[in-house]
Amino acid sequence: MSNKTVTITDNATGKSVEFPLRSGTLGPDVIDIKDLYKEFGYFTYDPGFTATASCRSDITYIDGDQGILLYRGYPIEQLAEKSTFLEVAYLLLYGDLPTAEQLERFTDSITRHTMVNESVKNFFNGFHYNAHPMAMLTAVVGSLSAFYHDGLDINDPADRDLSAHRIIAKLPTIAAAAFKHMVGEPFVYPNNALSYTGNFLNMLFARPSEPYEVNPVAEKALDQLLILHADHEQNASTSTVRLAGSTGTNPFAAIAAGCAALWGPSHGGANEAVLKMLEEIGTVDNVPKYIAKAKDKDDPFRLMGFGHRVYKNYDPRAAIIRKTCHEVLNELGVSHDPQLELAMKLEEIALQDEYFIERKLYPNVDFYSGIIYRALGIPTEFFTVLFAIGRAPGWVAQWMEMITDPEQRIGRPRQIYTGAPKRDYVPIDQRG
Ligand code: CMC
């Protein structure tokens with residue numbers, strides 16, 4: 001803790017109290033107001049937590065004004081270009097890039113945990129044929145604690161590791177099963193000879209009736225997308241994982257809670273919403289009409305894939321993905337995708353518009369990811385599932401960090417009560 005303090009004075013009573021300022025490695029200092037209620041009898045009010053740090057974390061740093069994203073200190077641009085998803089997962093979980101031997105052992109462990117208990121398949125028979133894959137993913141991830149209770153002692157580091165590896169390894173298998181259920185095809189078992197991402201593509205697209213070979217362009221692009229989604233400090237789903245985990249619940253339950261939070265269109269559901277929006281806009285001629293709708297305060301329409309709570313500059317992930325998006329479409333031979341052209345026009349017009357400039361609304365990661373997923377042959381409803389697979393190492397790393405933080409307590413925000421004051425029960429025959 002730094003020696004710096006901030007003095008807060010209650011003008012009503014004249015009482016002044018010094019509160020410590022905490023400094024991180026990077027980023028603004030934070031006023032430690034733990035004792036505020038004790039000193040003044042006041043809580044703070046911060047809906048949406050726009051000015052509140054809920055924890056200390058060594059994992060991810062974002063500078064939203066500069067458009068900087070670091071995982072364990074490494075810039076996202078370098079990781080996206082040079083690393084692999086599993087190496088990034090190791091980095092997030094254990095704090096440093098692995099040696100060759102550490103990566104080999106980690107990869108081996110993840111690969112050997114890709115199978116799910118055969119009974120897990122039965123869950124899918126219970127889902128309606130048109131169930132949303134996020135509904136299936138959330139439910140089945142939550143059910144994993146019913147199968148893997150041998151590693152659920154959250155106070156045992158070996159158990160935490162085992163559960164972490166299981167979550168990262170099994171999520172693609174469950175996701176692919178949800179996909180196959182959606183499209184009415186038989187499940188494909190994991191193939192341990194393939195890479196993490198190659199195996200996932202194989203489980204999605206292989207069919208018993210014909211040979212399937214993983215396309216290396218698709219494999220590389222998807223691996224990079226997973227890296228870009230791997231962590232994003234205390235976003236809504238990660239905060240949900242931490243809050244659920246703070247009660248001491250098991251990690252599968254906490255990650256299922258994270259999946260549920262991710263599903264919303266303001267968070268991980270935005271990539272699906274972008275494609276739906278592009279479909280609705282239809283042609284380039286309609287772009288001005290939809291830009292006007294987005295600016296109209298009486299219209300609930302928002303430009304999906306635009307804006308971010310933290311980035312008030314270009315989302316660095318969007319810059320990487322924009323480039324990849326063009327490369328993938330070229331290499332897969334879909335360079336004249338009308339939706340991509342529409343997306344580019346929308347971006348161009350929005351970026352020149354005073355409304356978007358003033359509010360610093362730039363395209364975010366979801367604006368382009370959906371277009372790549374579509375080019376890879378993935379249906380729109382499945383996009384958020386891919387975000388969940390990418391985010392899994394981040395969720396697990398943040399959960400592990402929380403469990404081992406000596407300052408960790410059950411998450412329990414306060415409120416301003418605005419309901420009726422105390423009143424007496426009125427028997428039903430006397431109510432007017
Ligand atoms: N289209 C039109 N106006 C917008 C948009 C948008 N996409 N986003 C923000 N605004 C306006 C908003 O109306 C407000 O205007 P005013 O100051 O006149 O009232 C101003 O910009 C600030 O917006 P806010 O709602 O206070 O910002 P927020 O930090 O609460 O919301 C957001 C952030 C991401 C939820 C929001 O920008 C949004 O709804 N974007 C579309 C959904 C989306 O793409 N989400 C993915 C986020 S990135 C992936 C992830 O991390 O999950």
Between the modelled labels at Ser54 and Lys121 (7 Å from Cα along Cα→Cβ) the distance in nm is 3.8 nm
Sparse-neighbourhood loop hits (GluC sites (Glu not before Pro), the stretch 44-121; DSSP loop; Cβ within 10 Å at most 13 others) -> Glu118
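Which loop-located GluC sites (Glu not before Pro) does the stretch 318-412 contain, where loop means any DSSP state but H, G, I, E or B and the Cβ has at most 10 other Cβ atoms within 10 Å? Provide the component values of the computation, followed by the final result.
Working: sites: Glu327, Glu331, Glu341, Glu347, Glu348, Glu354, Glu358, Glu381, Glu401, Glu407; in loops: Glu407.
Qualifying residues, ordered by number: Glu407.
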Expressed in angstrom and ordered largest first, the alpha-carbon extents of the stretch 129-188 along the principal axes are 40, 18, 15
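What does the net charge come to around Thr7 if you take all other residues with beta carbon closer than 15 Å to its beta carbon, with K and R at +1 and D and E at -1?
On the way: positive: Lys4, Lys15; negative: Asp10, Glu18, Asp29, Asp32, Asp35, Glu39.
Net of charged neighbours comes to -4.
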Any chymotrypsin sites (Phe, Trp or Tyr not before Pro) in the stretch 330-432 that lie in a DSSP loop and have at most 10 other Cβ atoms within 10 Å would be Tyr417, Tyr425
Applied in sequence order to the stretch 373-380, the curve 6.51 cos²θ - 1.76 cosθ + 1.60 (Karplus, θ = phi - 60°) yields integer Hz couplings, x standing for Gly and Pro, of 4, 4, 5, 7, x, 9, x, 3
GNM on the chain, Cα springs under 10 Å; top mean-square fluctuation among Gly258, Gly333, Gly305 goes to Gly333
Listed by chain and number, the residues whose amide H is under 5 Å from that of Thr5, excluding neighbours fewer than 5 places away on the same chain and using placed H, are Leu21
Connecting every pair of Cα atoms under 10 Å apart in the chain and solving the GNM, the largest mean-square fluctuation among Thr138, Thr50, Thr324 falls on Thr50
Calculated from DSSP helices alone, with each H run of at least 4 adding -39500 (n - 2.57) and the total divided by the residues of the chain, [θ]222 nm to the nearest 500 comes to -15500 deg cm²/dmol
Flagged as over-length at 20 Å C-alpha distance, from Lys15/Lys422; Lys34/Lys422; Lys276/Lys323; Lys220/Lys276; Lys121/Lys170, the pairs are Lys15/Lys422; Lys34/Lys422; Lys276/Lys323; Lys220/Lys276
Interchain or sequence-distant (5+) residues whose placed amide H lies within less than 5 Å of the amide H of Phe306 are Asn364
Hits in the stretch 387-408: amide N under 11 Å from the 7 Å Cα→Cβ extension of Lys34, namely 406-408
Subtracting the Cα-Cα distance of Ile416 and Ala158 from 0.36 nm times their residue separation yields 88.7 nm
Relative contact order of the chain (C-alpha contacts under 8 Å, at least 6 apart) in percent is 19 percent
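Got the relative contact order for the stretch 107-244 handy, in percent, Cα pairs under 8 Å and 6 or more residues apart?
Details: 112 pairs, mean separation 31.6, N = 138.
Answer for the stretch 107-244 is 23 percent.
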Here the tail fraction of P(r) beyond 21 Å, over all Cα-Cα pairs of the stretch 1-89, rounds in percent to 49 percent
Check: C-alpha center the stretch 91-161 vs C-alpha center the stretch 55-71, spacing in Å is 26 Å
Check: C-alpha center the stretch 303-354 vs C-alpha center the stretch 358-394, spacing in Å is 11 Å
Amide H neighbours of Ile68 at under 5 Å, excluding residues fewer than 5 places away on the same chain, with H built from the backbone geometry, are Asp63
Normalised per residue, the volume inside the convex hull of the alpha-carbon atoms of the chain in Å³ amounts to 216 Å³
Place a point 7 Å from the Cα of Asp405 in the direction of its beta carbon; the residues of the stretch 242-271 whose amide N falls under 20 Å from it are 242-259, 261-262
The ³J(HN,Hα) series, computed from each phi in the stretch 416-422 with the Karplus coefficients 6.51, -1.76 and 1.60 at θ = phi - 60°, rounded to the nearest Hz and given as x for glycine or proline, is 9, 7, 10, x, 5, x, 4
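What order do you get for Asp223, Asp429, Asp35 when you list them from fewest to most C-beta neighbours inside 10 Å?
Asp429, Asp35, Asp223
Read-outs throughout are calculated quantities, based only on the coordinates presented, and are distinct from any laboratory measurement. Worth saying up front: this structure is predicted, and the values here are computed from it rather than measured. With ideal geometry, Cβ positions are generated from the backbone for all residues, glycine too; neighbour counts draw on all protein chains shown.
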